[in-house]
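A short worksheet on the structure shown next.
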Amino acid sequence: MAMDLNGDGTADWGMVTMKAEMFDAGSSQSCGNPFTLAFSSDPNDDTKVFDCGDLGANEIEMWAIDENGLTDFCITTVDIQDNNDICPNQLGGNGIISGKISVPGSGNLAGAMVYLDGSNLAGSPSASNGYFVFPAMAFGGQYVVRPVKQGDAKNGVTTIDLLQIQKHLLGIKTFESPYQYIAADANNSQSITAIDIIQLRKLILGYFDDLPSSPSWRFVDEAHIFPDPLNPWISPWPETYTINPFSANMNEVNFNAVKIGDLNLSANTQSGNIMVLPRTDQSCEIKYLITRLQEQDIFKVDVSMMNAERFNAIQFSFDWDEAGYDLLDWMPGQNLTTDDIRMPQQAGQGASIMAFTTDKWVNEKMPMLTMWFKQKSPEQLPLKLYLKPKPTIPLAYFTGQEDPVRVQLSAIKEGNQQINNRPNPFKDQTTILFESMHQEDAVLNFFDLNGRLILKRNVRLVKGENEFIIHESELAGAGIYTYEIESDFQHSTNRMIIVN
């Protein structure tokens, strides 16, 4: 594959990806068991990338690994040729520096800028396969390879990561790798404390977009071995790679990348959307009940989490019509504190909630937040809350699971028995009567005794008494019918009878 590294429109570098199976000349297993071909004893090591720095003969190992772990291997060579004269002329003392950036346990990292300090080159971005390469440099120089990735502090950071840090601090489930320790050190203090949870909580809730004391990503020379894997700070780890002097092609300047705050490896390692998105149709329901107080323009809103005993972490952002309603006061609900909730700091910002527990919530319906609003004008539409995708991505986690589910926010509709019809029973026509609390759109539905929808009519409710005429010809003849009126905020049902 031809590549244009300096952006002048002319190909000046080449790269080819080869799979282990391409070198197979007829391998077989004596017992007929299935097996995998790879370039090492690791069955996942089935891909190699060669570039201009690998021109000529390259010795490789070819391994066969069966399902029981039995292995065998041979050594062969692959001759990399530049038949189209794409590669730079390396005669005269020039060489190539290239490498790869990976996220241990997750995949390859795209979009990191890799700088060659000691040269006048601009940064080289890592590609989707994690590889980066610099143009040919003169032998004899002194260089430092330095990867950087910033601007996506929230990438992969959710409430479930805070739960993992809390479990580590409490000794419930301690970290097992140095990369977990590095990821959890949000305040760059070379230790894991409650301050890290506080920093990440503020990041999730939207108090700031970047961590004050730490970059978004940290990097570790792939060849580095931590003296104590459970204390990566016992000695400094190399986040750069020094070349002094540059005397030969260097094609394995590789780094491991760590996303700060991402303990469960949910960060998007490719360019594009950094949001953690649910991959299931399951959801967590958040309900709110609006109560009009004696003061005509004051409303109390109670927000609750339904079936809370099934979950151990939740987060979401929401808003309301700030032009029509002023927030007077608020207080956290059961199991939450003021630190778990961020109310708008400025117009249009919305509010955010996050909560988690190391055990489980015992309430089927857990109060999360109570708010009091003042209506600015009687002509305003009814008060309504709605989810926002930012700054806190709406996600919830079932206890014991790390895959998020969707959050749904909806009103508990005002139920009453105000809907009725007169006359009832009737023969030719009847009038539906309903006293509405709001002015809004609604739907009238009519069902037979089998639950089959017979008639649907869209109506406009006015605040106060509403009347709608229904003719016998609109339904399915004599019999008993159930009817309902439904809107965003109201719901009521009743029965009617048509006689011959």
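Tabulated results
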| read-out | value |
| --- | --- |
| Simple label model, 7 Å out from Cα along Cβ direction - THR493 to THR10, nm | 7.7 nm |
| Amide proton proximity set for ASN268, modelled H, under 5 Å, gap of 5+ | GLY156 |
| Note, ³J(HN,Hα) from phi for the stretch 27-33, Karplus 6.51, -1.76, 1.60, rounded to Hz, x at Gly and Pro | 5, 8, 10, 4, 9, x, 6 |
| Whole-number percent relative contact order across the stretch 306-366, with pairs defined as alpha carbons under 8 Å at least 6 apart | 58 percent |
| Amide hydrogen neighbours beyond the local backbone of ASN420, cut-off 5 Å, H modeled | LEU433 |
| Per principal axis, descending, Cα span of the stretch 323-465 in whole Å | 62, 41, 24 |
| Per principal axis, descending, Cα span of the chain in whole Å | 101, 53, 50 |
| Potential extension, ARG457-ALA476 segment - 0.36 nm per residue separation minus Cα distance | 5.3 nm |
| Computed E for LYS365/TRP233 - FRET, C-beta separation, R0 41 angstrom, nearest 0.05 | 0.40 |
| Computed label-point distance, nm, for sites LYS19 and GLU309 using a 7 Å Cα→Cβ extension | 5.0 nm |
| Point-to-point label distance, SER28-ASP209, nm (Cα→Cβ direction, 7 Å offset) | 6.3 nm |
| Qualifying trypsin sites (Lys or Arg not before Pro) in the stretch 447-500, DSSP loop, other Cβ atoms within 10 Å at most 15 | ARG452, LYS463 |
| Loop-resident sites, the stretch 117-172, for chymotrypsin sites (Phe, Trp or Tyr not before Pro), counting at most 15 other Cβ within 10 Å (DSSP) | PHE139 |
| Rel. contact order, % - alpha carbon contacts under 8 angstrom, at least six apart, the stretch 335-451 | 15 percent |
| Per residue accessible area in Å² of the chain, where ligands, DNA and RNA are left out and the probe is 1.4 Å | 50 Å² |
| Of all accessible heavy-atom area on the chain, the percent that carbon and sulfur account for (1.4 Å) | 48 percent |
| Residues whose placed amide H lies under 5 Å from that of ASP403, excluding near-sequence neighbours | none |
| Debye, to nearest 20: dipole size of the chain, +1 on Lys, Arg Cβ, -1 on Asp, Glu Cβ | 1960 debye |
| Rotationally averaged projected area of the stretch 72-194 (alpha carbon convex hull; nm²) | 13.1 nm² |
| Candidate lysines - alpha carbon under 16 Å from LYS167, same-chain residues fewer than 8 apart omitted | LYS360 |
| Ranked packing of 435-445, 26-36, most packed first, by mean Cβ within 10 Å | 435-445, 26-36 |
| Isolated Cys residues of the chain, judged by Cβ distance under 4.7 Å to other cysteines | CYS31, CYS74, CYS284 |
| Relative contact order (%) - criterion: Cα under 8 Å, at least six apart; region: the chain | 11 percent |
| Descending Cα extents along the principal axes, the stretch 402-494, whole Å | 59, 32, 20 |
| Gyration tensor verdict on the stretch 1-124 (Cα atoms; rounded if a/c is under 1.5, prolate if a/b is larger than b/c, oblate otherwise) | prolate |
| Calculated over the stretch 1-60: convex hull of Cα atoms, volume per residue (Å³) | 116 Å³ |
| Within-9-Å neighbourhood charge of ALA257 [Cβ basis; K, R +1; D, E -1] | +3 |
| Crossing angle, helix 159-170 versus the chain [Cα axis fit, 0-90 degrees, rounded to tens] | 70 degrees |
| Using a Förster distance of 35 Å, the FRET efficiency for VAL148-GLN408 (Cβ separation, nearest 0.05) | 0.35 |
| ASN420-THR193 FRET efficiency (beta carbon distance; Förster radius 51 Å; 0.05 resolution) | 0.20 |
| All aspartates and glutamates inside 13 Å of LYS19 as judged from Cα atoms, apart from same-chain residues fewer than 8 positions distant | ASP45, ASP46, GLU61 |
| Paired Rg and Dmax values of the stretch 342-407, which use every Cα atom, in angstrom | 15.5, 48 |
| Karplus (6.51, -1.76, 1.60) ³J(HN,Hα), θ = phi - 60°, over the stretch 452-464, in Hz, Gly and Pro reported as x | 7, 5, 9, 8, 10, 9, 7, 9, 10, 8, 9, 5, x |
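The values are calculated or read from the model by the stated rules, or taken from the named source; none is laboratory data. Note that the structure is predicted; figures quoted are calculated from it, not measured. Here Cβ is always computed from backbone atoms with ideal geometry, including for glycine, and neighbour counts include all displayed protein chains. Surface areas here come from the heavy atoms of the whole protein model, side chains and all, with no ligands, DNA or RNA. Shrake-Rupley method; radii C 1.70, N 1.55, O 1.52, S 1.80 Å.
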